[in-house]
Amino acid sequence: MPDTHFLRQPDVKGHYNKVADNFDDYFAEIHDSQLQSVVEKIDLQPHHLMVDVGSGTCRFAEQVHKFAQLQKPIICVEPFPEMLAKAKGRKGVLPVLRGGEEFFNDASLCDWFDRVLFIQSYHHLKDPSSVLQNIERSLRPGGICSIWNLTTHSCFERFTRVTTAKLYSSSRHEETYRLLQQANLKVERSNVLLTYDLTKAKLYSMLRGRFITNLYELTDQEIEDGIDKLEKNDFKSLQEDDVIENKATYLVIQGTKLNSINNNMNS
Ligand SMILES: C[S@@+](CC[C@H](N)C(=O)[O-])C[C@H]1O[C@@H](n2cnc3c(N)ncnc32)[C@H](O)[C@@H]1O
């Protein structure tokens, strides 16, 4: 069956080409607020070898590497050169210009990685089922594949109420859970709540720059009309530099590769 979620997305490459210059600025507060939660949730240890799939500019991977005091660089898999061009000079990362599909299709990657991380990138996979099967092969026993999907994001939701921008799709979460199980991983799910501050000016610049693909289909005029409505209602008493508190929730679905003894007992 074709992956209609992916086909509905307008032009992912075009989007990330355009957003690459400002990506780090748009996501700085989000990255900072999620750092500790990610490292704790995946129980990242200094000796681990980790892959960040859809790493974007590798800003977040660089933060993770430093925070978790990793001994080996994080392998950053990203298909778009404009995004990886921003990774030059970053410490603790090994950029690989490939999509997740192609990277994990390499059969020589067997019992190799301790952690495989997707932050807001899993939904871009064209054939998630085979990618997850290949990831299972590439994980060491006890290794974890951790998939983080934003499910709520208060500042963006305010904007969706006054425009035609779409909220995050929830259609894939059940499927993700099932596909991880089918890939023979022990699966768990949980919610992680983040809070972070954005100035009003920063929020408007993120909306104008279409910081997430959900905004891609809106015209410049539609975005300006939406900002105008926020300006006249929700944010009318705020100055440009006043801070808006944001709440975001990630649904984290992660699978652990069982060692062969556990596997035999489970079957
Ligand atoms: C919303 S961004 C998230 C970037 C980064 N994980 C972060 O949290 O800052 C999604 C990323 O997935 C990448 N991507 C798109 N298609 C992909 C694919 N087939 N395989 C791996 N990554 C992909 C995009 O280029 C983009 O960098």
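Derivation of every value follows stated rules applied to the coordinates shown; laboratory data play no part. Keep in mind that this is a model prediction, so the values were computed, not measured. All Cβ positions, glycine included, derive from the backbone under ideal geometry; neighbour counts span all protein chains shown.
Its relative contact order, with pairs defined as Cα atoms under 8 Å and 6+ residues apart, puts the range 126-267 at 46 percent. Relative to the longest principal axis of the Cα atoms of the chain, helix 23-41 runs at roughly 40 degrees. Rounded to the nearest 20 debye, the dipole size of the chain about its Cα centre is 580 debye, using +1 on the Cβ of Lys and Arg and -1 on the Cβ of Asp and Glu. Would you calculate, for the chain, the mean residue ellipticity at 222 nm contributed by helices, counting each DSSP H stretch of 4 or more residues as -39,500 (n - 2.57) and dividing by all residues, to the nearest 500? After summing the helix terms and dividing by residue count, I get -11500 deg cm²/dmol. Once the Cα atoms are used to define both axes, helix 220-232 deviates from the longest principal axis of the chain by about 70 degrees. Size descriptors for the chain: radius of gyration and Dmax over Cα atoms are 18.9, 62 Å. For the residues Val51, Val39, Val131, a GNM of the chain with alpha-carbon springs under 10 Å puts the largest fluctuation on Val39. Kirkwood radius, the range 85-146, all distinct C-alpha pairs, inverse of mean reciprocal distance: 12.6 Å.
What share of Cα pairs, in percent, lie more than 17 angstrom apart in the range 158-267? The calculated P(r) of the range 158-267 puts 66 percent of pairs beyond 17 Å.
Mean-square fluctuation check for the chain, GNM, Cα pairs under 10 Å: which of Gly54, Gly100, Gly209 is largest? Answer for the Gaussian network model of the chain: Gly209. Relative to the longest principal axis of the Cα atoms of the chain, helix 128-138 runs at roughly 50 degrees.
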